[in-house]
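Read the structure below first, then the notes.
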Amino acid sequence: MNAILLVDMDYFYAACEEVRKPEIKGKPVVVGADPRGKGRGVVLTCNYIARKYGIRSGMPISMAYRLKSDALYILPDFDYYEYVSKAVMDLLRKYATSFEQVSIDEAFVDVSGKAKSDDEVLALAEAIKKEINTRLKMPCSIGVSNSKLVAKMACEAAKPGGIRLVRQEEAKDFMSDMPVGKLYGIGRKTEEKLIAMGYKRVGDLAAANPATLRNAFGVFGIEMHNSANGIDESRVEENGEVKSISRETTFDKDTSDREEIVAMIKRLSDAVVQDVKGRGMSFKVVTLKIKYPDFTEHLKSKSLGHTSNSVADIVNTAVRLYDTYIDGGDGIRKVGIRVSTLIKSSGQRKIDEFTS
Ligand SMILES: [Mg+2]
């Protein structure tokens, strides 16, 4: 039986803090920038108690502070979160016939062959959740289905702290009334375009003419149409030693000046290449990350088709991605450069793309 779980840790950074500071449990906890600082930082994660006061991740920290000034504000400690993440992933890997880490706090666990019925799959999900709760003292949510796409969508519905099974044959109905922007893989700009085309719900997209979507979005249009119909045949695949190297920076002032943005891309690319070379590696994939003033993010990647450790390769690719996909008209808040599919120049081992 084909069975895939998506395990997603709840309010991960804040939960990590609760583990090492048990005394803060039961209080509103916000991990992010210093609310009394001059920076323009945001809320990275907050626990569910903080959410009761209207605080959300991605919100400017100053706004969170206005909502609840006596919440506990904690600066992020990424080294520690990486350490906890490794413990989570090691625990999950034990249950998997194949495994794929999606981000620092999320992974697909393929348990095909380990369970013969829905009840047995649910019992496995229950066991995983329990082990995470008892050994790591952390909450998680689990989506269960026969494909990665539907497992992911089921997990969204399971939050916080639940387990949700959606069978493949139920997937289409399950997603049909959801706003189109909730479909896995659809970002803000695509969502806006879809709504403008009259596709408000996932069900509208499922019923759309695939040729119309292909004309508007290319191959991605066909993928979206499949997703809306609950079709996803991608496999759960181990990423090996997942790794990417990145640098990003926030502009002092939002800018739509292309020259300023390109200059920043060059500077970031320089720093990335120094890091890449320092590790004796080269890369294949270049990703440009753009954050808009409303904190939404835009990620665009392109494979070079060969390995490289040249600054020019990154800059040329990133600038082309910028000119093709990014609308800087309303200003840009933050730009980032990431390289992935890293290959050890001195060895054979391939380290795949890390999407964080
Ligand atoms: Mg999470």
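Table for the structure above
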quantity	calculated
Matching option when the condition is within 28 Å of D10 (Cβ to Cβ), open to solvent by less than 80 Å² (accessible area, probe 1.4 Å) and modelled with pLDDT of 95 or more, among A208, A151	A151
Boolean, E260 is free of Cβ contacts under 8 Å to residues at least 60 places away in the same chain and not assigned by TED's automatic domain parsing to the domain that holds S176	yes
Matching residues, the range 106-137, being part of a loop (DSSP other than H, G, I, E, B) and crowded, with 20+ Cβ neighbours inside 10 Å	V111
Sole residue being more than 16 Å from the ligand (Cβ to nearest atom) and either in the same structural domain as G143 (by TED's automatic domain parsing) or of a type in the set (F, W, Y) (or both), chosen from K94, K68	K94
Among the candidates G331, G305, G280, residue that is within 17 Å of D254 (Cβ to Cβ) and not assigned by TED's automatic domain parsing to the domain that holds R188	G331
Residue list for the range 1-44, restricted to those being in contact with a Leu (Cβ under 7 Å, 6 or more places away or on another chain), under 24 Å from R333 (Cβ atoms) and more than 16 Å from the ligand (Cβ to nearest atom)	D34
Candidate set: the range 4-31, residues that are small (G, A, S) and under 30 Å from K148 (Cβ atoms); chosen: the one surrounded by the most Cβ atoms within 10 Å (Cβ to Cβ)	A14
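For (1) under 25 Å from K129 (Cα atoms); (2) in contact with a Phe, Trp or Tyr (Cβ under 8 Å, 6 or more places away or on another chain); (3) of a type in the set (F, W, Y), each residue gets a yes or a no:
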site	(1), (2), (3)
V42	no, yes, no
T45	yes, yes, no
I49	yes, no, no
S57	yes, no, no
L72	no, no, no
R93	yes, yes, no
E100	yes, yes, no
S103	yes, no, no
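To keep it simple, each residue is scored yes or no on (1) in contact with a Phe, Trp or Tyr (Cβ under 9 Å, 6 or more places away or on another chain); (2) part of a helix (DSSP H, G or I).
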residue: T190; (1), (2): yes, yes
residue: K193; (1), (2): yes, yes
residue: A216; (1), (2): no, yes
residue: G230; (1), (2): yes, no
residue: V236; (1), (2): yes, no
residue: E248; (1), (2): no, no
residue: F251; (1), (2): no, no
residue: D270; (1), (2): no, yes
residue: Q274; (1), (2): no, yes
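The values are calculated or read from the model by the stated rules, or taken from the named source; none is laboratory data. Given the structure is predicted, the values throughout are model-derived calculations rather than measurements. Because the Cβ atoms are built from the backbone with ideal geometry, glycine has one as well, and the counts that use them run over all protein chains shown. We work out accessible area using only protein heavy atoms, side chains counted, and drop any ligands, DNA or RNA first. Shrake-Rupley method; radii C 1.70, N 1.55, O 1.52, S 1.80 Å.
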